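Comments concern the structure below.
Just so it is clear, none of the values below were taken in a lab; they were calculated from the coordinates. Quick caveat, the model's predicted, so the values are computed rather than measured. Please note: Cβ atoms are built from the backbone with ideal geometry, for glycine as well, and neighbour counts cover all protein chains shown.
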Amino acid sequence: MLLTIARWLFQLPGKLFGLIFKNRLRIFLFFMLVAIAVLGAKRYLRAHQYDDEFSLAAPTDYNRAIKREMPLREAREQCGGPLHDNAGQPWPASAGYLHQPTRLPATGLHRLTLDNQGNDFAVLVKLETPTAPQQLAEVFIPPAGSFEVKINADAEHVMKIKNIKTGCMFRSRPFNLDKQSDWRMPLTLQKDGSLQLQSIGDHQF
């Protein structure tokens, strides 16, 4: 009995293919089905290969995006929103001092033009010395405006800038002025600006 079953199973492929290959039409249909199956398998494997590559690459790109956005996100979290007034008083209509500098030397003063002409928002600017962080000057400058101050050319200074539109605050690194010429400093709140700025909180402004 087992020998009969084994012989029948051994002869089964020949009988099946014999029926298929009896005429040319069946041969053609057989190879068409084989070709369709091969093409379908290739498309399936190719699609899953792209999915695997995308799933592997996506986390890397996502992490890079997070790293790029983190400084901007932290800066936004420290912003207090638009400043509609100056401690209950309206903002000036033109650029000028909110607090004039005091204890300036009689000589060695240098002119510094605070240039806000590249911005569509008003700014509040404070000038301080890093060794004695006492306020030397506080200036309001409207959008696309500028203002000239006089500071001691022999001392290092730190500039703090507040964007009136967003409430974001920034602080520069200590800088010196060139004694040979007057300075015009664009107040560009960008990474590629002339000032190297870092975002700060309200208690640091």
task: Compute the length gained on full extension between D178 and R43: take 0.36 nm times their separation in residues and subtract their Cα-Cα distance, giving the result in nm to one decimal.
output: 41.8 nm
field: Radius ratio Rg over Rh of the range 96-204, counting only Cα atoms, Kirkwood formula for Rh
entry: 0.93
- request: Using only Cα positions of the range 125-178, each an equal point scatterer, no hydration layer, compute I(q)/I(0) via Debye at q = 0.22 Å⁻¹ and quote the log10 values to two decimals.
  value: -0.90
- request: Provide I151, I161, I200, I27 in ascending order of the number of other Cβ atoms located within 10 Å of each residue's Cβ, fewest first.
  value: I27, I200, I151, I161
